[in-house]
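Beneath this line is the structure, given in structure tokens, with notes to follow.
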Amino acid sequence: MSFAELLRQNECWRSVALTKPRLFRKGHKFYDTQPEMYFLVSGRVRLMALAPDGSEKTLWYLGDGSCFNETPMFMDGGKSMPFAQSEVQFFHDCAEDCYICSFSREEVHRLGMEQPRLILNLCKSYSVKVTLLSKNVVSLSMESQLTRICKFLASRIVPGSTPLRAKRDISYRDMADLLGMHRITLYKVMRQAQTRGLFSFDKSSDEVFILRPEEFYKEAHMQALQKCNSARLRSGSATAPRCWRHKAAKRSPASAAQDNLRRAQAGKGSTAWL
């Protein structure tokens with residue numbers, strides 16, 4: 001899924017760490033010129049691209065149970081790929097305080113020889129990263145701003161939430177950077193979607209209430225989840241209480257969306273924040 005945060009991709013490396021987790025403060029940077037692979041015990045790390053003009057772009061986020069900076073472990077002779085001054089460079093950045101274990105190149109190779117499953121795990125997680133990166137590139141270049149926002153929120157739906165809601169786990173500024181748009185543009189598109197009754201949100205809250213799940217999943221290009229949600233609606237097991245579903249069946253979609261919006265506003269306060 002595009003713009004998803006990768007979690008617990010490399011849990012098998014937790015048990016073989018030879019060093020105690022070390023605290024790295026928010027903002028600490030790991031460059032691929034460092035001949036070590038890292039295992040994120042707790043916290044959040046993001047992969048950043050640094051352009052020659054100093055501008056930065058967030059490519060993805062990693063959560064606990066993830067390895068990063070594994071590429072230098074498999075470079076010929078342990079050497080990092082050289083970069084010209086005119087090329088984009090990459091580094092990992094602590095998005096918050098993190099506890100991290102490190103592995104030298106020799107340790108990675110030795111552990112891989114002793115336990116081949118560890119190397120297989122790195123191959124699998126690396127393929128996930130490549131797939132995620134390719135999906136992000138396609139989304140940034142070919143999909144609308146609203147679709148990108150819906151994909152981001154769909155990857156952060158709170159399981160079993162009633163009513164259906166997503167939890168925004170990064171700031172609006174970081175969210176806009178990840179989705180390839182200006183923060184003001186992000187606000188504008190989200191407010192337009194709120195006005196038409198797609199979802200409801202408040203600047204001071206990290207929760208976004210999904211008012212039209214089927215339309216939301218369709219916008220996020222998630223047909224499988226859309227069909228699943230439709231089946232739940234037909235079976236009467238959707239997130240709304242039974243009395244709401246009975247009334248909604250007699251109303252138009254626009255009226256139902258307006259009712260959902262009023263209920264979300266009553267529970268979270270006013271949605272006017274600009």
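Derivation of every value follows stated rules applied to the coordinates shown; laboratory data play no part. Computed from a predicted structure; not experimentally measured. Counting neighbours? That spans all protein chains shown, and the Cβs are built from the backbone with ideal geometry, glycine included.
Database remark: amide H of H28 closer than 5 angstrom to the amide H of C94 (H placed geometrically; neighbours at sequence offset of 5 or more, or on other chains; Pro and chain starts carry no H). Just to be sure I follow: if Rg is taken over the C-alpha atoms of the range 89-224 and Rh is the Kirkwood radius over the same atoms, what is Rg/Rh? Taking Rh as the inverse mean 1/r over Cα pairs, Rg/Rh reads 1.07. Annotation: peptides 19-26, 3-10, ranked by per-residue average of other Cβ atoms within 10 Å with the highest first, follow the order 3-10, 19-26. Highest mean first, the peptides 206-214, 98-106 sorted by other C-beta atoms within 10 Å per residue fall in the order 206-214, 98-106.
For the peptides 51-57, 91-97, 116-122, residues were scored by their other Cβ atoms within 10 Å and the scores averaged per peptide; the highest-first order is 91-97, 116-122, 51-57.
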